[in-house]
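Asker: One structure, pasted below without further comment.
The values are calculated or read from the model by the stated rules, or taken from the named source; none is laboratory data. This one's a predicted model, so the numbers in the text were calculated from it and none came from an experiment. Neighbour counts run over all protein chains shown; Cβ positions are idealised from the backbone, glycine included. The protein model used for the area step is the full one, side chains on, heavy atoms only, and it has no ligands, DNA or RNA in it. Shrake-Rupley method; radii C 1.70, N 1.55, O 1.52, S 1.80 Å.
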Amino acid sequence: MKKKSSIADGIAALQQPPGGKKRAGARAGADAPAKAPPKAKGFDIEADTLPEAIIDAAYHSGDYPYGKRMKRKRYNREMEPLQIELQKLMNWVHKTGERLVIVFEGRDGAGKGGTIARFVQHLPPRQARIVALSKPSDTEKGQWYFQRYAAAMPAAGEIVFFDRSWYNRAGVERVMGFCTPEQTETFLREAPVFEGMLVRDGIRVIKLFLTIGREMQMQRLHARWHDPLKRWKLSPIDFEAIPRFDDYSRAFDEMLGRSSGEAPWHIVRSNDKLRARLNAIRHVLLSVPYADRDEKAIGPLDEQIVVSVSRYLAKGGEPEG
């Protein structure tokens, strides 16, 4: 029986964009017959089940510090007061005219969308906006690289959540060959300058990088492929995430290592989505001096889950191999 879709279809779509024109700047051989990416450590996204070795390794992959998943009952108990505090934060931002930007970056399947959803679940959508920009149009390609992101910045009294951001250039675009090495270097040099401009203008910028291990990424991408309600989340680029895992690791380590002092990254270990969501929210709440903050309700930040860039890179940074 013929399959409804395949990885090869996704790679073909990546190599041959709409209209049949070859992508500008594509690497040599990009117009060769499409084929599925190589299997990585027995990983096949289309297989009915994953090998037991991948399933067994997933939770602890990437040197994850916990042995067992957080219980849902405990998660629900801790989430409610945090979301109440988020409402207090939102009210303070609105009343004082503050501007807050929260950037979420990380690997495909790291849980960025789900974490953002818990942030905004009980916030007014007119004051708490999610920005998830699609690939740039032909007009945008001819603009200053940061221009379309600058246009999405918050007005007074708003919080903006970036589900991926200008850091696409340091990750996806770099690894997939969508920009030149010179463009990447220019970006890494200018991103701290851009963020410094935002901070000096009074915008609060908080940047969270969600990290997961290789086997956990395999497990989550496999689950998306086999869930008809989640398959839409997969793009052709996602099919390259596992074969290029180490390339992404090296790119992310350099990106994190050249972080802006005025808008530093914090790493969120996300193999356990529940712990990641709770502590991402705690980190934001503890980073903003909003009125009537209840630190007892927030609780202590788990410093095994939210890690500074310097500490993370000192311990080896993103996993490889």
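Asker: Mind jotting down the distance between the C-alpha centroids of region 274-293 and region 155-207, whole Å?
Answerer: Each part reduced to its Cα centre gives a spacing of 22 Å.
Asker: With the cut-off at 1.5 for a/c, could you classify the chain from its C-alpha gyration tensor as rounded, prolate or oblate?
Answerer: oblate
Asker: With the cut-off at 1.5 for a/c, could you classify region 35-164 from its C-alpha gyration tensor as rounded, prolate or oblate?
Answerer: Working: a/c = 3.28, a/b = 1.31, b/c = 2.49.
Oblate, since a/c reaches 1.5 and b/c is not below a/b.
Asker: Report the relative contact order of the chain, percent, no decimals, based on alpha-carbon pairs under 8 angstrom and at least 6 residues apart.
Answerer: Reported as a whole number, the value is 27 percent.
Asker: Can you tell me how region 173-321 classifies by the Cα gyration tensor, rounded, prolate or oblate, using a/c under 1.5 as the rounded cut?
Answerer: In terms of gyration-tensor shape, oblate.
Asker: Helix 181-200 against the longest principal axis of the chain: what's the angle in degrees, Cα atoms only, rounded to the nearest 10?
Answerer: It works out to around 10 degrees.
Asker: A further question follows. Taking all protein chains as present, what is the carbon and sulfur share of the accessible area of the chain, in % to the nearest whole number, probe 1.4 Å?
Answerer: 52 percent
Asker: Subtracting the Cα-Cα distance from 0.36 nm times the residue separation, let me have the gained length for ALA132 to SER308 in nm, one decimal.
Answerer: Working: separation 176, 0.36 × 176 = 63.36 nm, distance 2.51 nm.
This chain segment gains 60.9 nm when fully extended.
Asker: Next question. Give me the extension gain from GLN147 to ASP63: residue separation times 0.36 nm, minus the current Cα-Cα distance, reported in nm with one decimal.
Answerer: Here the segment from GLN147 to ASP63 would lengthen by 26.5 nm.
Asker: List every residue whose amide H lies under 5 Å from the amide H of ILE242, counting only residues 5 or more places away in sequence or on a different chain, with H placed 1.01 Å from N in the peptide plane.
Answerer: none
Asker: If amide H atoms are built 1.01 Å from N in the plane of the peptide, which residues on other chains or at least 5 residues away come under 5 Å of the amide H of ILE130?
Answerer: Amide H neighbours of ILE130, under 5 Å, 5+ apart: PHE161.
Asker: Rounded to whole Å, give me the distance from the Cα center of region 40-113 to that of region 216-263.
Answerer: Centre-to-centre distance over Cα atoms comes out at 14 Å.
Asker: Helix 72-96 versus the longest principal axis of the chain: what angle, 0 to 90°, nearest 10, using Cα atoms?
Answerer: The helix 72-96 is inclined about 70 degrees to the chain.
Asker: Additional query: Using a 1.4 Å probe, what is the accessible area per residue for the chain, in Å²?
Answerer: Accessible surface, normalised per residue, equals 50 Å².
Asker: In degrees, nearest 10, range 0 to 90: what is the angle between the Cα axis of helix 245-257 and the longest Cα principal axis of the chain?
Answerer: 30 degrees
Asker: How much of the DSSP bridge set in the chain is antiparallel, in percent, rounded to the nearest 5?
Answerer: Rounded to the nearest five, the antiparallel share is 15 percent.
Asker: Once you put a point 7 Å from the Cα of ARG77 and another 7 Å from the Cα of THR180, both along the Cβ direction, what distance in nm separates them?
Answerer: With each label placed 7 Å out from Cα toward Cβ, I get 5.9 nm.
Asker: Mind grabbing the accessible area of THR96 for me, 1.4 Å probe, Å², rounded to tens?
Answerer: Only protein atoms counted, so the area is about 80 Å².
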